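Reviewing the structure listed below.
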Amino acid sequence: MRCVGSVVTVVLATAAGVFGGECAAADAAAETKHFDRYLLSSGFDVWRNGGSLHGGVLWSPDGLYREGFTLKLLVAGGQYRYVSGGATVTGRYTLTSAMAGWRFKQDRLEVTLFAGPDVQSHRLTPNDLGNRMRGSHAGIRLGADLWYQPSDTFMATGSVSLSTIGPNYWARAAIGWHLFGRAWIGPEVMALGGDRYQQYRAGVHATAFRAADFEWSMGLGYARDSDDRNGGYLRVGVLTRR
């Protein structure tokens, strides 16, 4: 059987692309105009063997641009396929995670650490009794987001998340240049998986493209996995602050 317990990490990687460092990406002048406490996001991720949708809220009572307590809420759902015993199994899942954390800021460096409960439910057709992810599960998720902006035109960002469900992990790193005064653009790499499944991605991203009160982000590239089902991936996210 091909293990799919870590396929769900793809949606969490998408969410990290939306949340990770986005507060730091805002203009410093914005703090003097607005005291934003909420970051609302949604997005989707598609690859060869599945797709996912997510929505989330990031709440920082002292402000999104300041050091202090923050709370990340995420809901997601999607579908994936894998092969077990010569048959193709279709999985459908839902996910809910609520993580409390703290944002640390020093000059142009921002690091946020999170921890909290993680709940997942998987329905398989046909019912694959050998898949331990079948049914509902509860666990703990740990996460970290980093944003470093040494200049007004260059940034580096990274995110990592670990869950006791599976267990599974994902990690993303990217650099970017602020081009055309519109967005951060550059390469990204990702790794995700668990004890029986690994996926690696390499591509390009455009982050924080502004249109009115919304910011759009996109990643596009190539994914390789341990099931030899390689192909392209696309993720798109949108956020707004309140």
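Structural remarks
- Residue under evaluation residue 199, criteria (1) at pLDDT below 95; (2) closer than 27 Å to residue 109 by Cβ; (3) in a strand (DSSP E or B); (4) not small (Gly, Ala, Ser), criterion not met: (2)
- Long-range neighbours under 6 Å by Cβ, at least six apart or interchain, first residue within 10 Å of residue 101 (Cα to Cα) within segment 137-149, second of a type outside the set (Asp, Glu): 142/115; 142/162; 143/114; 143/161; 144/113; 144/160
- Residue ID - farthest from residue 122 (Cα to Cα), chosen from residues in segment 37-71 that are β-branched (Val, Ile, Thr) and surrounded by fewer than 21 Cβ atoms within 10 Å (Cβ to Cβ): 57
- Taking residues in segment 80-93 that are farther than 11 Å from residue 130 by Cβ and without any contact (Cβ under 8 Å) to a residue 60 or more places away in the chain, and partners anywhere that are crowded, with 20+ Cβ neighbours inside 10 Å and of a type in the set (Gly, Ala, Ser), the pairs with Cβ atoms closer than 8 Å and at least 6 places apart or on different chains are 81/50; 81/91; 92/78.
- Exactly one residue out of 138, 223 is more than 24 Å from residue 56 (Cα to Cα) and assigned to a strand (DSSP E or B): that is 223.
The values are calculated or read from the model by the stated rules, or taken from the named source; none is laboratory data. Note that the coordinates shown come from a computational prediction; the quantities given were computed from them, not determined experimentally. Methodologically, a virtual Cβ is constructed for each residue, glycine included, from the backbone with ideal geometry; neighbour enumeration extends over all protein chains shown.
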